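The values are calculated or read from the model by the stated rules, or taken from the named source; none is laboratory data. If you're wondering where the values come from, they're calculated on a predicted model, not measured in any experiment. Methodologically, a virtual Cβ is constructed for each residue, glycine included, from the backbone with ideal geometry; neighbour enumeration extends over all protein chains shown.
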Amino acid sequence: MSHLVVVGDPDFNIGFRLVGIRDVIDVEDEEKLPEIVEGLLGKKGIVVIKYDFYKNLPIHVKIRVEESLEPTFVKVGGEAGVEELREKIRRAIGVDLWK
């Protein structure tokens, strides 16, 4: 896995592809999402995941995602906000970039 992976549906992922992100996983069958996310756990880097996908994950997978430092998961879209991103970056690198 490279340093940044994006997990979402094709519409969500198009913008990431346009800016040159190569590791983009198109999820067209949400039943496969838990398996995809679990396959990324333990790898290094950052995983950007569509918020709607995250909130529909089984609770045991959500817990592993929340506790994961490698990779750091960043939820984007929907209700995901700047504060969550700020906290994830702080946890990942140990510095609050907003201060």
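The table for this structure:
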| item | result |
| --- | --- |
| Qualifying residue in segment 13-23 (condition: at pLDDT 90 or above and touching a helix residue (DSSP H, G or I) at 6+ places or on another chain (Cβ under 6 Å)) | no |
| Selection within segment 24-45 - touching a helix residue (DSSP H, G or I) at 6+ places or on another chain (Cβ under 9 Å) and either among the acidic types (Asp, Glu) or at positive phi (or both) | Asp26, Glu28, Glu30, Glu38 |
| Filtered residues of segment 59-93 (kept if in a loop (DSSP other than H, G, I, E, B), surrounded by 14 or more Cβ atoms within 10 Å (Cβ to Cβ) and at pLDDT 85 or above) | Ser68, Pro71 |
